[in-house]
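The values are calculated or read from the model by the stated rules, or taken from the named source; none is laboratory data. Bear in mind the structure is a predicted one, so any value in this text is a computation, not a measurement. We place every Cβ from the backbone using ideal geometry, glycine too, and count neighbours over all the protein chains shown. Note: areas computed on protein heavy atoms with side chains; ligands, DNA, RNA excluded. Shrake-Rupley method; radii C 1.70, N 1.55, O 1.52, S 1.80 Å.
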Amino acid sequence: MQVFGVDVGGSGIKGAPVNVEDGTLAAPRFRLPTPQPAEPAAVAATIADVVNHFDWSGPVGVALPSVVKNDVALTAANIAPSWIGTDIVGVLADALGRADADATSVPAQSAGSGTAAEITTVNDADAAGIAEMTFGAGRDTAGLVIVTTFGTGIGTALFLHGQLVPNTELGHLEIHGHDAETKASDAAREREDLSWEKWAKRVTQYLNTLEALLWPDLIIIGGGVSKKADKFLDQLELRTRVVPAQLQNEAGIVGAALSGLADQSRPRPPARPARRRGPATRPPGGRRP
């Protein structure tokens, strides 16, 4: 069983079909630059190019750097402000040439089926968290887990006993008068040409703030920097156990696909148009490590 996952970032849009039974990519991911400015129509057209690269016609899950409720973007982090208030599914359906999925909703299936498909959306950090909690570093972990993604910005996903608390946006905490991601994101490290040691001190300060507020049992560090964990992880000074993400930069793609799969059977809010849905995740288990 496969679902196509798309991860929209501030610098790149990448996607691939995902085997949802084990979280592996069914084909090497395909990436295109995020259009600048990242307006809804331009981003949707690029997503369509990524999906069509695989001649895909099945279900599609899209992770977007935005608070997403009932498939409507309520914020816009590192994308154009015109996303705010946008019906994401409507824009994507137009770009993908899909009929309204309401009348043709079907179970997830593989590419080449030729069946009109469901399109679902989720916050990008939540998508990465869903993937890590299902197949990665947070699998079978009870308690409070925070998944952090360090890239163009800082994303967070919060899980209590495997259940997602969506749209936490804790990367925008104010620390010493600054939005945290403007000082501690990987983009900030590159922009200011910080050494890994100096950047680790900023990450420590940010994660210490999360610790003081939430007292987590585990912190998972994801995003592009997870591939370079050996350069900074041992320099973090925290009381909480910290581990790198196992799915690394593919977590957003996998989580977007998993969110789409979970959404197939989720009841629709009666007060909203039928095609609008919210993110969901399957608890990975309750066994305490």
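With a cut-off of 8 Å between alpha carbons and a minimum separation of six or more residues, what is the relative contact order of the stretch 139-245 in percent?
29 percent
Using a 1.4 angstrom probe on the protein heavy atoms only, line up M133, M1 by accessible area, largest first.
M1, M133
Using only the alpha-carbon atoms of the stretch 28-80, report the extent along each of the three principal axes, biggest first, to the nearest angstrom.
31, 26, 19
How much accessible area does R241 have with a 1.4 Å probe, in Å² rounded to the nearest 10?
Answer for R241: close to 130 Å² accessible.
Suppose each label sits 7 Å from its Cα in the direction of the beta carbon; what would the R139-D22 distance come out to in nanometres?
So the two model labels end up 1.0 nm from each other.
Excluding ligands and nucleic acids, what accessible area in Å² is computed for S195 using a 1.4 Å probe, to the nearest 10?
Answer for S195: close to 50 Å² accessible.
Set the Förster radius R0 to 45 Å, insert the Cβ-Cβ distance between F30 and W215 as r into 1/(1 + (r/R0)^6), and round the FRET efficiency to 0.05.
So the FRET efficiency works out to roughly 0.65.
Restricting to bridges with both residues inside the stretch 139-245, how much of the DSSP beta-bridge set is antiparallel, in percent to the nearest 5?
Here the share of antiparallel DSSP bridges comes out near 55 percent.
I want to check the label-to-label distance for E197 and D49. Put each point 7 Å from Cα in the C-beta direction and report it in nm to one decimal.
4.3 nm
At 1.4 Å probe size, with no ligands or nucleic acids counted, give the accessible surface of W196 in Å², nearest ten.
Its accessible surface works out to 50 Å², give or take rounding.
Kindly give the semi-axes, whole Å and largest first, of the ellipsoid equivalent to the stretch 139-245, taking each as the square root of 5 times a Cα gyration tensor eigenvalue.
Gyration-tensor ellipsoid for the stretch 139-245: 21, 15, 12 Å.
Taking every pair of distinct Cα atoms and averaging 1/r, then inverting, what Kirkwood hydrodynamic radius in Å comes out for the stretch 1-66?
One over the average 1/r among Cα pairs gives 11.9 Å for the stretch 1-66.
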